[in-house]
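Chemist: Take this structure first; my questions come after.
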Amino acid sequence: MTVATASRTRDAGWFRGFHPAAPNAPRLLCFPHAGGAANTYHRLSEALSPDVEVVAVQYPGRQDRHREPVLTGLRELAGLISAELQGTGLQDTGTPDPRPAPAFFGHSMGAVVAFEVARRLAAPPPVLFAAGRKAPSRSVQERVHPMSDEDILADVGRLGGMDARRLRSRALTRMVLPVLRGDYEAIDTYAYEPGPPLPCPVVVLVGDADPMTPVEDALAWTSHGTGGEHHVLPGGHFFLDGHHDRIVRLIRDRLL
């Protein structure tokens, strides 16, 4: 990325908060799925407030950052996010703060982005929640790029990310297709570089009928951290929507 582009994305801001939190509340930094935006985590933030402070990452190219180009390199995206974290109160920069570094939560592509960000930080998250995604070591390119509009929309429909009525909306597809195309390329061209596991546990969440994420490949996340646990729940790729209360309890139990 050029200096001008990096400066432009930095000025727009990478992090969004939605609800108040207690002064010493633990923090949870959330990473959206492909095509997703920060407000994906608005409902989770509401449920955890004020006990947990939820902060969501806003990737370039969506919502209030729609004028910025979508990044098609996952490592580049992770590098920019980690650099931004070093300049905020979300990371230990030598200033006094009684709270530890934030825990990470990522769904689908967001799980791998969270993992790559964590690898780059001096203060790792106390726990990484990895939902609906193969472990980095199991990542393989499954699609050929560039993808056609029809193939992208068919894949979104297969995963259940949007209902059929919304997929038929031309205005909506014009907005989401560039974001989906860039995100799909970013995750599909990602290649895991072997390294030591994260110095934190990984909590694995996966749907038992996820067409993108076989349970066996999801459980391999445990080798990328120091211990952890796994939860196989009924549902497809967006199984989190049907288990909201259970996910909230799981996060509370871990962070509080």
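Chemist: Please work out which residue is surrounded by the fewest Cβ atoms within 10 Å (Cβ to Cβ), limiting yourself to segment 216-230 and to residues that are out of contact with any His (no Cβ under 9 Å at 6 or more places or on another chain) and not in a loop (DSSP other than H, G, I, E, B). I'd like the intermediate steps shown before the answer.
Modeler: So in segment 216-230, the residues out of contact with any His (no Cβ under 9 Å at 6 or more places or on another chain) come out as 216-217, 220, 223-230.
Within this subset, residues satisfying the condition of being not in a loop (DSSP other than H, G, I, E, B) are 216-217, 220, 223-224, 228-230.
Details: E216: 11, D217: 18, A220: 15, S223: 13, H224: 23, G228: 20, E229: 13, H230: 15.
Applying the filter and picking the extreme gives E216.
Chemist: Out of segment 169-218, which residues are in contact with a strand residue (DSSP E or B) (Cβ under 8 Å, 6 or more places away or on another chain) and either without any contact (Cβ under 8 Å) to a residue 40 or more places away in the chain or polar (S, T, N, Q) (or both)?
Modeler: Listed by number, the residues that qualify are D208, T213, V215.
Chemist: Moving on to the next point. Has segment 61-68 got any residue that is closer than 19 Å to L29 by Cβ, crowded, with 17+ Cβ neighbours inside 10 Å and modelled with pLDDT of 95 or more?
Modeler: First pass over segment 61-68, keeping only residues closer than 19 Å to L29 by Cβ: 62-65.
Pick out the ones that are also crowded, with 17+ Cβ neighbours inside 10 Å and you get 62, 65.
If we keep only those that are modelled with pLDDT of 95 or more too, we end up with 65.
Among the residues of segment 61-68, at least one is closer than 19 Å to L29 by Cβ, crowded, with 17+ Cβ neighbours inside 10 Å and modelled with pLDDT of 95 or more, which makes the answer yes.
Chemist: Tally the residues that are part of a strand (DSSP E or B) and either open to solvent by 60 Å² or more (accessible area, probe 1.4 Å) or of a type in the set (A, V, I, L, M) (or both), restricting the search to segment 178-215.
Modeler: First pass over segment 178-215, keeping only residues part of a strand (DSSP E or B): 202-207.
Retained after the next criterion (residues that are either open to solvent by 60 Å² or more (accessible area, probe 1.4 Å) or of a type in the set (A, V, I, L, M) (or both)): 202-206.
Looking only at that region, the number is 5.
Chemist: Next question. Which ones in segment 144-159 are in contact (Cβ under 8 Å) with a residue 24 or more places away in the chain, open to solvent by 70 Å² or more (accessible area, probe 1.4 Å) and assigned to a helix (DSSP H, G or I)?
Modeler: Listed by number, the list holds a single entry, R158.
Chemist: Could you list all residues from segment 19-36 that are assigned to a loop (DSSP other than H, G, I, E, B) and open to solvent by less than 10 Å² (accessible area, probe 1.4 Å)?
Modeler: As a first pass, look at segment 19-36 and keep what is assigned to a loop (DSSP other than H, G, I, E, B): 19-26, 32-36.
Scanning segment 19-36 gives A25, P32, G36.
Chemist: A further question follows. Is it fair to say R75 is more than 20 Å from P201 (Cβ to Cβ) and among the charged types (D, E, K, R)?
Modeler: Details: more than 20 Å from P201 (Cβ to Cβ): yes; among the charged types (D, E, K, R): yes.
The answer is yes for R75.
The values are calculated or read from the model by the stated rules, or taken from the named source; none is laboratory data. Please read these numbers as outputs of a predicted model, since none were measured by experiment. Cβ sites come from the backbone with ideal geometry, for glycine too, and all protein chains shown count toward neighbours. Surface accessibility is based on the protein's heavy atoms, side chains included, excluding ligands, DNA and RNA. Shrake-Rupley method; radii C 1.70, N 1.55, O 1.52, S 1.80 Å.
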